[in-house]
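To start, the structure itself, in structure tokens.
The values are calculated or read from the model by the stated rules, or taken from the named source; none is laboratory data. Nothing here was measured: the structure is a model prediction, and the numbers come from that model. Quick reminder, even Gly has a Cβ in these numbers, built from the backbone with ideal geometry, and neighbours come from all protein chains shown. To get the accessible areas, we keep the full protein, side chains included, count just its heavy atoms, and leave off ligands, DNA and RNA. Shrake-Rupley method; radii C 1.70, N 1.55, O 1.52, S 1.80 Å.
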Amino acid sequence: MLWIRNSLIVLIGIGILLLPSLTKAATTAYSMKVVVAMPKGSEGGTLAATMPSNTKISPCGATGKVNSVSVTVTYNATGIFGAADKDIFIILFNPNYPEKKFIAFGKQTFPDILLVTTPYPDAESLTAAANAGTSECIYLSRSSNSVGSITETILNVMLTGAVGVAGTWQIIGIVADYAKVDFDDPTTWAAWDVGTFMVKKPWLGSPDRNNDCQVP
């Protein structure tokens, strides 16, 4: 019976040695990266040394150049079992717009790719919509998501000619479970990132004063 006991000791020892590798394998790849860019040739693409350097800005000046902005996201919703088990949220935020501070992006992926935007006045109403599984506020659900890292340009818009858009805008990308996410509680987010850009100036004028992105 001694050989049985010795064999059990050996097997236990092997199991202990394997524990670190098993623990290492049981990790997630959740990630989110948001990158804001002012396209080459646009007014914000090349700025004077006197302009802001820490935040992307489209000045909307009288230079004759177009003003535009693009936003690219790279995300991964892959869980420990090798499948996408979280959802992707993309939200455009600006506190100057009372009824639509939060603009959630939803994406129809088949047969045609269609971007849908839905405004929400506060984080509470956005959370309620997400928890209910409202497709319009979920950019990409886990059932439509592929395994691994995905990069895509979600915005590539012309700002020239836009009215009442001055101010600081944030684009927020979040990886989370739609049923458990709370947009007032970042601990419910598996991964997230924020990209920031300004249009013309840091804030919206009050009253409606010099807020358009018009180039004379």
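Taking 0.36 nm per residue of separation and subtracting the Cα-Cα distance, full extension of the segment from Ala132 to Trp203 would add 22.2 nm. When Ser146, Ser58, Ser125 are compared by accessible surface with a 1.4 Å probe, the order from highest to lowest is Ser146, Ser125, Ser58.
Would you count, across the chain, every pair of lysines whose alpha carbons are under 13 angstrom apart, provided the pair is eight or more residues apart or spans two chains? Could you put the intermediate results ahead of the total?
Working: Lys40/Lys56; Lys40/Lys65; Lys56/Lys200; Lys56/Lys201; Lys86/Lys180.
So the count of such lysine pairs works out to 5.
Here the dipole of the stretch 17-135 is about 400 debye; that uses its Cα centre as origin and unit charges on the Cβ of Lys and Arg (positive) and Asp and Glu (negative). When the solvent-accessible area of the stretch 107-158 is split by element, carbon and sulfur atoms take up 54 percent of it, the probe being 1.4 Å. Among the cysteines of the chain, those with no neighbouring cysteine Cβ under 4.7 Å are Cys137. When only C-alpha pairs under 8 Å and at least 6 residues apart count, what is the relative contact order of the stretch 153-216, in percent? The normalised contact order for the stretch 153-216 reaches 48 percent.
For the chain, find the longest principal axis of its Cα atoms and tell me its angle to the long axis of helix 2-25, 0 to 90°, nearest 10. Result, in degrees: 0. A simple spin-label model places pseudo-atoms 7 Å from Cα toward Cβ; at Ser125 and Thr74 they are separated by 3.6 nm.
Here each label is just a point 7 Å from Cα along the line to Cβ, and for Gln108 and Asp177 those points are 3.0 nm apart. Remark: spin-label model distance Val116-Asp185 equals 2.7 nm, labels positioned 7 Å along the Cα→Cβ axis.
Farthest toward the positive end of the dipole of the chain, out of Pro52, Ala129, Tyr97, is the Cα of Pro52, where the dipole comes from beta carbon charges about the Cα centre. Computed over protein heavy atoms with a 1.4 angstrom probe, the accessible surface ordering of Glu99, Glu152, Glu43, largest first, is Glu99, Glu152, Glu43. For Met51, the solvent-accessible surface computed with a 1.4 Å probe is close to 60 Å², ligands and nucleic acids excluded.
With contacts defined as alpha carbon pairs under 8 Å and 6 or more residues apart, what's the relative contact order of the chain in percent? Don't jump to the answer; show the numbers that get you there.
Numbers: 484 pairs, mean separation 55.3, N = 216.
Rounded, it is 26 percent for the chain.
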